[in-house]
Amino acid sequence: MITLKSFDGDEFDAYLALPAGGYGPGIVVLQEIFGVNEYLRQVADWYAAHGFVALVPDLFWRQEPGIQLTDQTEAEWQKAFELYQGLDEAKAVEDSAAAVAVLRKHPACSGRVGAVGFCLGGNLAYLLSVRFRPDCAVGYYGVSIEKALSEATNLGSPLMLHIAGRDKFCSPEAQKQIHDALDSNPLVTTHDYPEQDHAFGRPGGEHYEAAVAELANLRSLEFFVRNLSGAGLASAQKSLSDRWDEHVKYEFATRDTEDTLETMVADAYVNHVPVLTGGVGHDQLREFYSKRFIPQMPPDTSMTPVSRTIGVDRVVDEMVFEFTHTIKMDWMLPGVQPTGKHVRIPLVVIVHFRDGKLAHEHIYWDQASVLAQLGLIDATKLPVAGAETAEKVLNPSLPANKLMER
């Protein structure tokens with residue numbers, strides 16, 4: 001917790017979460033009616049894990065500083081609504097703006113700052129945008145936005161709104177008013193979730209929908225990356241790329257299991273999708289890397305890079321992977337004895353990062369192509385291609401449609 005100063009000179013508290021790299025763009029997280037509780041701190045931690053400096057100001061401090069409620073009991077609901085009804089909305093927007101101002105000057109922050117809010121905070125994110133112009137803002141199922149749509153002409157920075165179609169606190173009429181007022185504004189992006197109710201993004205809540213929440217969160221994350229990161233994103237992307245290269249070096253060059261694990265979070269997992277090999281957590285991965293993967297990599301194994309795509313929290317590598325099947329390879333060919341044959345295939349790795357380390361790897365290849373090249377299936381009788389799949393990836397001008405012509 002850190003202390004902020006309001007525009008009228010008083011002090012109030014806020015929860016600060018820093019990224020692993022210690023520096024990045026800022027996001028002010030605006031609370032629901034339950035105060036700066038564990039959920040809001042987890043939201044801040046999630047953004048920090050993705051490279052942002054996240055700050056959650058206590059917006060109930062003028063009534064009851066430090067209040068932390070949940071949605072689990074009727075008494076807490078009543079207390080939350082009491083605080084909401086007693087909130088001075090204009091002052092809450094000013095306090096949100098004060099948090100933005102403090103974050104802009106924080107030594108860990110790049111100077112660019114956005115805001116994200118939920119429920120009460122979703123409305124405050126909108127009001128903050130039209131009154132104080134953060135670099136961008138996101139509102140989840142904001143309550144009462146329709147009452148201040150006359151201020152939308154003051155909007156000067158990008159705004160994203162997530163609207164729950166069955167939100168009992170934002171009626172269909174209110175949703176229509178929001179769309180009518182904002183849809184034509186090029187600064188505004190709205191996402192409708194017709195089957196969702198209020199607070200569909202709060203884990204453990206009555207209306208929580210994990211898949212929909214993840215979609216909304218990824219949309220928000222991409223929005224913040226696009227509008228806040230700039231040079232900071234380039235630096236973060238380089239860091240992810242370097243970390244992935246380091247991981248690969250330990251697997252294939254130095255062949256050191258412990259160094260490999262050091263690049264991964266404790267609960268990381270690896271999934272070789274075609275054959276379901278890998279493991280979850282350091283203990284399983286230590287067993288897998290030390291006994292099945294690193295010592296069972298043929299000595300002539302090589303990887304030819306084709307493309308690399310780097311996002312805010314993942315790296316996608318496309319490559320051509322080749323080897324001669326001279327040794328046992330349980331990780332790719334469980335139960336198959338060495339054939340002595342050469343294999344060349346396209347391979348894609350999707351690597352997700354958390355807190356600057358690898359959180360999971362999804363590795364994809366065409367197992368039918370591998371088996372065909374090893375002579376384990378008859379490619380002349382199946383719609384399967386061999387090494388030519390890799391050749392065409394490297395040289396797109398090679399003929400297409402050969403299997404259809406056959």
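The values are calculated or read from the model by the stated rules, or taken from the named source; none is laboratory data. Everything numeric in this text was worked out from a predicted model, so none of it was measured. Cβ sites come from the backbone with ideal geometry, for glycine too, and all protein chains shown count toward neighbours. Side chains included, ligands, DNA and RNA excluded: accessible areas come from the protein's heavy atoms. Shrake-Rupley method; radii C 1.70, N 1.55, O 1.52, S 1.80 Å.
Odds and ends about this structure:
- The angle separating the long axis of helix 231-248 from the principal Cα axis of greatest extent in the chain is about 30 degrees.
- Summary of the geometry: the range 8-75 and the range 330-384, compared by the centres of their Cα atoms, lie 45 Å apart.
- Heavy-atom accessible area with a 1.4 Å probe sorts W46, W331, largest first, into W46, W331.
- Accessible surface of the range 1-130, 1.4 Å probe: 50 percent of it comes from carbon and sulfur atoms.
- Coupling constants for the range 315-330 follow from the phi torsions by the Karplus curve (6.51 cos²θ - 1.76 cosθ + 1.60, θ = phi - 60°), and in residue order they are 10, 10, 10, 10, 8, 9, 10, 9, 6, 9, 7, 9, 9, 5, 9, 4 Hz; glycine and proline get x.
- 0 to 90° range, to nearest 10: angle between helix 74-85 axis and the chain longest Cα axis: 60 degrees
- The label point for E391 and the one for R104, both projected 7 Å from the Cα toward the Cβ, are 6.1 nm apart.
- Label zone at S144, where the point sits 7 Å out along the Cα-to-Cβ direction: the range 60-87 residues whose backbone N lies under 14 Å: 60, 81-87
- Amide H contacts of L161: G139, T189, T190, H191, each under 5 Å away and 5 or more positions distant or on a separate chain (H built 1.01 Å from N in the peptide plane; Pro and chain starts excluded).
- Helix axis angle, 210-224 relative to the chain longest principal axis, alpha carbon, degrees: 80 degrees
- The range 69-227 shape via C-alpha gyration tensor axes, a/c threshold 1.5: rounded
- Length released on extending from L382 to T304, taking residue separation times 0.36 nm less the Cα-Cα span: 25.3 nm
- Choice from E146, E206, E318 showing the highest fluctuation, given a GNM over the chain with Cα pairs closer than 10 Å: E206
- Heavy-atom accessible area, probed at 1.4 angstrom with all protein chains present, ranks T326, T260, T277, T339 as T326, T339, T277, T260, highest first.
- A simple spin-label model places the labels of D245 and E76 4.7 nm from each other, with each point 7 Å out along Cα-to-Cβ.
- Exposure of C119 as accessible area (Å², to 10), given a probe of 1.4 Å and all protein chains: 20 Å²
- Across K91/K147; K341/K402; K328/K381, pairs whose alpha-carbon gap is larger than 19 Å: K341/K402; K328/K381
- Given R0 = 35 Å, the distance between the Cβ atoms of L215 and H342 translates into a calculated FRET efficiency of 0.25.
- Taking every DSSP helix (H) stretch of at least 4 residues in the chain, weighting each as -39,500 (n - 2.57) and dividing the sum by the residue count yields a mean residue ellipticity at 222 nm of -9500 deg cm²/dmol.
- Per residue, the accessible area of the chain comes to 45 Å² when a 1.4 Å probe rolls over the protein heavy atoms.
- With all protein chains modelled, accessible area of M332 [1.4 Å, Å²]: 0 Å²
- Rolling a 1.4 angstrom probe over the range 332-406 with all protein chains present gives an accessible area of which 59% lies on carbon and sulfur atoms.
- Label sites at D256 and D180, each approximated as a point 7 angstrom past Cα along Cα to Cβ, lie 6.7 nm apart.
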